[in-house]
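For reference, the structure is listed below as C-alpha cells.
The values are calculated or read from the model by the stated rules, or taken from the named source; none is laboratory data. Since the structure is predicted, the reported quantities are computational estimates derived from the model, not experimental observations. So basically every Cβ, Gly included, is an ideal-geometry build from the backbone, and we count neighbours across all protein chains shown.
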Amino acid sequence: MPVDAIAVLAEPTRRRILDELRLADSSVGQLVDKLAMSQPAVSKHLKVLREAGYVTSRTAAQQRIYSLEPGPFRALDAWLAPYRRMWTRHLEALERHLEES
C-alpha cells in the first residue's frame with residue numbers, strides 16, 4: 001500500500017523530528033533530549049518516518065543515527081510545483097492589478 005505523504009507529515013511531532021534532522025543527523029537519545037519526549041514516543045514516530053522513507057538509520061557503536069532521506073521530499077516538492085506556479089500567477093496578477101489602481 002502506498003504511503004500517504006501528507007498523512008505522515010500531518011503529525012506535528014513527526015514534523016518536529018524532521019526539523020531537527022534537517023539541522024543534524026541525530027540519535028534517538030539526542031532527539032529525546034531536543035524534543036523533551038519519551039524514548040518510546042520518539043521511536044514510534046521514527047518508525048513511521050522510516051517506513052515512509054523520510055528517514056534512514058545507520059549504526060554507530062551502540063547507537064542508531066537517523067538522517068533525512070531526500071527522495072520523498074523531492075516527490076512532495078514535485079507534487080506541489082503546479083500549485084506553487086498557480087499561486088504565483090495569481091499573486092502576480094494581484095500585484096499588477098494593485099499597481100494599476
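Tabulated results
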| item | result |
| --- | --- |
| When residues of region 1-31 are limited to those that are in a loop (DSSP other than H, G, I, E, B), more than 19 Å from Q63 (Cα to Cα) and not β-branched (V, I, T), the one farthest from the chain's Cα centre (by Cα) | M1 |
| Qualifying residue in region 78-98 (condition: in contact with a strand residue (DSSP E or B) (Cβ under 6 Å, 6 or more places away or on another chain) and of a type outside the set (K, R)) | no |
| Qualifying positions in region 63-101 - without any contact (Cβ under 8 Å) to a residue 12 or more places away in the chain and under 30 Å from G29 (Cβ atoms) | P70, R74 |
| Qualifying residue in region 32-39 (condition: assigned by TED's automatic domain parsing to the domain that holds R16 and either within 19 Å of V8 (Cβ to Cβ) or within 12 Å of the chain's Cα centre (by Cα) (or both)) | yes |
| Any hit, region 32-54, residues being touching a strand residue (DSSP E or B) at 6+ places or on another chain (Cβ under 8 Å) and not in a helix (DSSP H, G or I) | yes |
